[in-house]
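Data block below; observations after.
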Amino acid sequence: MAYGPEQRGTLVVENGVVQRQDALPGHQHVVRLAAAQIAARARPGSFVHLQCDPALPMRRPMSLMRVNASEGWIEILYKRHGLGTERLANRKAGEQVSLIGPIGVPFKLDDYRARPLLIGGGVGIPPMLFLAEHMRQARAPAPLVLMGSEVPFPFTPRPSTILVPGMPDGVIATMPLLEDWRIPCRLASRQGYPGCFEGVVTGLARLWLDALPVAERGQVEVFACGPTPMLKAVQMLAEKYALPCQLSLEEYMACAVGGCAGCTVLTRTLDGPAMKRVCVEGPVFDAKTVIFQ
C-alpha cells in the first residue's frame, strides 16, 4: 500500500458485523457495524473502504459518522443510489461486511480556538457529527454546527432551546442528538423545511460571522465537509475573514489507499503547485492549500 510512515500500523482489514440498519427519509440509511479494531483507531475525518456485498468486488469509500471505541462500533450514513448501496441497504443484523480502514488524514484533534465552526453539507454531515462528538468528549470549546441539505435531513429536526446570537429570526431547527449534547446547531435548506434557514448553509455561516463582534470573530476556526461548490464557498469565507480552515474533500476513489492516484487534487506547496491524493494526503487539507478548478 502507498501509505506514508505516519500511517503505517493504523490501517486494518476487518470483517465488521452489522448490528443494526436504519432506513431514513430520502433513501438514506445508517448502518452500525461492530468493528473494534477500526473503532479504536478512527479519528474525525477518517473513512473506511467498504465492500457492499460479497458478490461486488468494488469497494465504496464511506465517511464515519459516529465511533464508539469502548463498545467497538462505527456508524455510517449513506444514500441508497446504485447497485452497491442497494445491496448494502439489504444487509441484515449479524451479516459480515468487509472493511479497510481507518483511512486518511483526520481533522485537527486538539488546540481548538474558542469558537469552532463546523459546516456540513449533504453527505458531508457525518464527519461533522464525528468531529463535534470528539470535541465534546475532549472537553473542547462547544462548536457551532451548521448543516445544509436539499433532501430530508437524516434525522427529525426539532426546535432548539439553545440561543445562538446572530442567527436570523425563525432559524431554530436543530439536530436532536446535538441538542441533547448541548451543542448548538442550525439547519439550512432551500426546500422550505420548518425552522431552517432558507438558503445555502454557507449563506447562513456568512450571516453569523457578519453578526459577530470583530474580537469574537477572531476566535473562530472553520471545519467543513461537503460537495465541492460548498467547499469553495467555505474557502472564500475563511479567506475573507482571515480564519483558519480545514476542508475534507470529496473525490471519487477506486483503491482508497494511494495506489491508483485517481483522486488527486491540485494543491499549493512550498515547492509550487502539486497534485495530492485525497485518500492518502487527505481527505482533510488546510483550505489555503487547495486549488479548486
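Each reported figure results from applying straightforward, stated rules to the coordinates on display, with no laboratory input. Quantities reported herein were computed from a predicted structural model and do not represent experimental measurements. Glycine gets a Cβ as well: all are built from the backbone with ideal geometry, and neighbour counts include every protein chain shown.
Some notes on this structure:
- 20 °C / 1.002 mPa s Stokes-Einstein diffusion coefficient of the stretch 115-248, Kirkwood radius on C-alpha pairs, µm²/s: 148 µm²/s
- Shown for the chain: cysteine residues without a partner Cβ closer than 4.7 Å, namely 52, 185, 196, 225, 245, 263, 279.
- Of 240/288; 108/288; 232/288, those spanning more than 18 Å from alpha-carbon to alpha-carbon: none
- Aspartates and glutamates with Cα under 16 Å of residue 92, excluding same-chain neighbours fewer than 8 positions away: 22, 53, 75
- Treating each Cα of the stretch 12-103 as an identical point scatterer and summing with the Debye formula, the log10 of I(q)/I(0) at q = 0.21 Å⁻¹ comes to -0.98.
- Within the stretch 221-280, antiparallel bridges make up roughly 60 percent of the DSSP beta bridges whose residues both belong there.
- Distances between placed amide hydrogens fall under 5 Å for residue 174 paired with 158, 160, all partners being 5 or more residues away or on another chain.
- Residue of 108, 232, 240 that the Gaussian network model of the chain assigns the largest fluctuation, springs spanning Cα pairs under 10 Å: 240
- Note on the chain: antiparallel DSSP beta bridges, both residues inside, total approximately 65 percent of the bridges counted.
- Test item: Cα-centred dipole of the stretch 12-103, Lys/Arg +1 and Asp/Glu -1 on Cβ, debye: 160 debye
- Cα→Cβ-extended label distance, 7 Å offset, between residue 90 and residue 216, nm: 5.3 nm
- Taken about its Cα centre, the stretch 115-248 carries a charge dipole of roughly 140 debye when the Cβ of each Lys and Arg holds +1 and the Cβ of each Asp and Glu holds -1.
- Counting only DSSP beta bridges with both residues in the stretch 115-248, the antiparallel share comes to about 10 percent.
- Relative packing of 217-224, 151-158, which averages over residues the other C-beta atoms within 10 Å, highest first: 217-224, 151-158
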